[in-house]
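What follows is a single structure, written as structure tokens, with notes after it.
The values are calculated or read from the model by the stated rules, or taken from the named source; none is laboratory data. Predicted model, so just to flag it, every value in this text is computed and none were measured. Cβ atoms come from the backbone with ideal geometry, glycine included; neighbour counts cover every protein chain shown. Heavy atoms of the whole protein, side chains included, go into the accessibility calculation; ligands, DNA and RNA do not. Shrake-Rupley method; radii C 1.70, N 1.55, O 1.52, S 1.80 Å.
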Amino acid sequence: DETGMINRVAGVFARRGYNIESLAVGLNIDKAIFTISVICSDGDVEKLIKQVNKLAKVRKVENVTNKECVERGLMLIKVKCEPEQRSQVLEINRIFRASVVDVAEHSLTMSVTGDPGKNRAFQSALIKFGIIQVARTGKLALKREPVYSEARSRRVKLMEAMRKAKDAVSGLNIKEKSAKYESILASRIVRAVAGMDHDDDGDLNVGDVYSTLENDDVGVWDVPVLSSSFSGLGSGSDKIDIDKMDQNAKYTPHTLSIVVDNRPGVLDSITGVFARRGYNIQSLGVGPEKTFDVSRISTVVPGTYEDIAMLLKQILKVPYVISAEDITMTPFTERELMLLKVVCSRSQRAEIIDMCNIFRAKVADVSEDTVTIEVSGRQRKISAVQALLEPYGILEVARSGRVALPRDSGIDSALLLAIRSENDLEQWE
């Protein structure tokens, strides 16, 4: 993850005239996984993969179109809804297992997760009421694990060995005591036992976004386990909190909502505006709006209020941009989607399912020693789930990034947290 990465990836598609149907990018510590949907031939896909692989800082590119995958997308949809129509809308909501996230006098905002077909069917069922706004993530996909795999079993054992080695090293009285040093030493122990070659610095260099276990290539993905420096929600520099809004901070995360005509190269033009000015996009979700000829881009960008205002003026000058607004200071509802694959033996399934029920997460796929979990919600909830599942061993993570729509009800959660009594609430009203 670095400034301009999204622009360079989108530029590969734009220069060859391909239109990205959907794109999901979620920041995860210092790495990000891109899930891109594009319409082209098999031969063209191979060429695109080769070109993207040539970009600096790109770890791996894979076409999973013809493979068995868990596919999920998240959609926020706001519909016109008079009081007498609410029972009908809520019944449709129940059928598609969606949830209401905002209620206003003349509208309802709902959140639904599922494969693209389910989300499109849900939108079609609501058309007769009148759709006001739609914000959706790109499609996320993780390959389904086979019931049994020798390669996976071997690497799961390596992961267990890595965890035990780190625990053993952390208990030693080492003068050069640091998480990085412990990780390198533990990696060397595991590689020596497994007969694997060392990296330049001796570290396995694993992070928190992972490739599939079916790949037999030897490299940085050999032991798919979070580094010892990762501490979940953590504190200090390790803390992941793009929700934090500190009025005294110079740079705060801003949620931008941009509506564009669905034309080839428009995403590259917009991300180019960010890249040329040195902004690092923390998350990006691109998907069709009410119709396929219009797309909504939801993104989170850190900056000052003055800089973001100037940035929006530049974005509005880009061809095919219909509207661009910063909704950070207006009441809005937001959601993020995450798929993660976790090591899970039969004896651990019950406790992991119990944990999923607490966070209203869903089990999307199960194999002999893994489970794939789908969870949606605010960023804090997503990070909390990931932190709690980290001790089991996370194999793959795919995050969609944030999508957001303004609340017609005008309810501001941050403001309500600051209200201490009913008298304060009456004064506010």
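Side notes on the structure shown:
- One residue alone among Ser347, Ser323, Ser376 is part of a strand (DSSP E or B), among the small types (Gly, Ala, Ser) and either loosely packed, with under 13 Cβ neighbours inside 10 Å or without any contact (Cβ under 8 Å) to a residue 12 or more places away in the chain (or both), and that residue is Ser323.
- Residue that is nearest to Tyr320 (Cα to Cα), among those in region 261-303 that are charged (D, E, K, R) and assigned to a strand (DSSP E or B): Asp261
- Some residue of region 351-368 being in contact with a Leu (Cβ under 6 Å, 6 or more places away or on another chain) and either open to solvent by less than 20 Å² (accessible area, probe 1.4 Å) or among the charged types (D, E, K, R) (or both): no
- Of everything in region 240-262 that is of a type in the set (D, E, K, R) and modelled with pLDDT under 85, the residue that is surrounded by the most Cβ atoms within 10 Å (Cβ to Cβ) is Asp243.
- When region 270-285 is filtered for residues that are of a type in the set (Val, Ile, Thr) and open to solvent by 10 Å² or more (accessible area, probe 1.4 Å), only Ile281 remains.
- The requirement of being farther than 30 Å from Gln123 by Cα, without any contact (Cβ under 8 Å) to a residue 40 or more places away in the chain and touching a Lys or Arg at 6+ places or on another chain (Cβ under 8 Å) is satisfied by Leu48.
- Test result for Ile297, open to solvent by less than 30 Å² (accessible area, probe 1.4 Å), aliphatic (A, V, I, L, M) and closer than 19 Å to Pro406 by Cβ: yes
- Selection status of Ser124, in contact with a Cys (Cβ under 6 Å, 6 or more places away or on another chain) and either surrounded by fewer than 17 Cβ atoms within 10 Å (Cβ to Cβ) or over 20 Å from Ala364 (Cα atoms) (or both): no
- Of the residues making up region 73-102, those that are in a strand (DSSP E or B) and either open to solvent by 80 Å² or more (accessible area, probe 1.4 Å) or in contact with a Ser or Thr (Cβ under 6 Å, 6 or more places away or on another chain) (or both) are Gly73, Leu74, Leu76, Lys78, Lys80, Ser99, Val101, Asp102.
Quick grid of which residues meet (1) polar (S, T, N, Q); (2) open to solvent by 60 Å² or more (accessible area, probe 1.4 Å); (3) over 26 Å from Pro302 (Cβ atoms); (4) in contact with a helix residue (DSSP H, G or I) (Cβ under 8 Å, 6 or more places away or on another chain):
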{"residue": "Val12", "(1), (2), (3), (4)": "no, no, no, yes"}
{"residue": "Gly17", "(1), (2), (3), (4)": "no, no, yes, no"}
{"residue": "Ile20", "(1), (2), (3), (4)": "no, no, no, yes"}
{"residue": "Ala32", "(1), (2), (3), (4)": "no, no, no, yes"}
{"residue": "Cys40", "(1), (2), (3), (4)": "no, no, yes, yes"}
{"residue": "Val45", "(1), (2), (3), (4)": "no, no, yes, no"}
{"residue": "Asn53", "(1), (2), (3), (4)": "yes, yes, yes, no"}
{"residue": "Arg59", "(1), (2), (3), (4)": "no, yes, no, no"}
{"residue": "Asn63", "(1), (2), (3), (4)": "yes, no, yes, yes"}
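Results for (1) touching a strand residue (DSSP E or B) at 6+ places or on another chain (Cβ under 7 Å); (2) under 23 Å from Arg136 (Cα atoms); (3) of a type in the set (A, V, I, L, M, F, W, C); (4) at pLDDT below 90, shown as yes or no for each residue.
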{"position": "Glu334", "(1), (2), (3), (4)": "yes, yes, no, yes"}
{"position": "Lys341", "(1), (2), (3), (4)": "yes, yes, no, yes"}
{"position": "Arg346", "(1), (2), (3), (4)": "no, no, no, yes"}
{"position": "Asp354", "(1), (2), (3), (4)": "no, no, no, no"}
{"position": "Ala361", "(1), (2), (3), (4)": "yes, yes, yes, no"}
{"position": "Val366", "(1), (2), (3), (4)": "no, no, yes, yes"}
{"position": "Gln379", "(1), (2), (3), (4)": "yes, yes, no, yes"}
{"position": "Glu390", "(1), (2), (3), (4)": "no, no, no, yes"}
{"position": "Gly401", "(1), (2), (3), (4)": "yes, yes, no, yes"}
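- Number of the condition not met by Leu339 [criteria: (1) part of a strand (DSSP E or B); (2) within 17 Å of Thr255 (Cβ to Cβ); (3) in contact with a Lys or Arg (Cβ under 9 Å, 6 or more places away or on another chain)]: (2)
- Odd one out for Leu48, checked against (1) at pLDDT 80 or above; (2) in a loop (DSSP other than H, G, I, E, B); (3) within 26 Å of Leu74 (Cβ to Cβ): (2)
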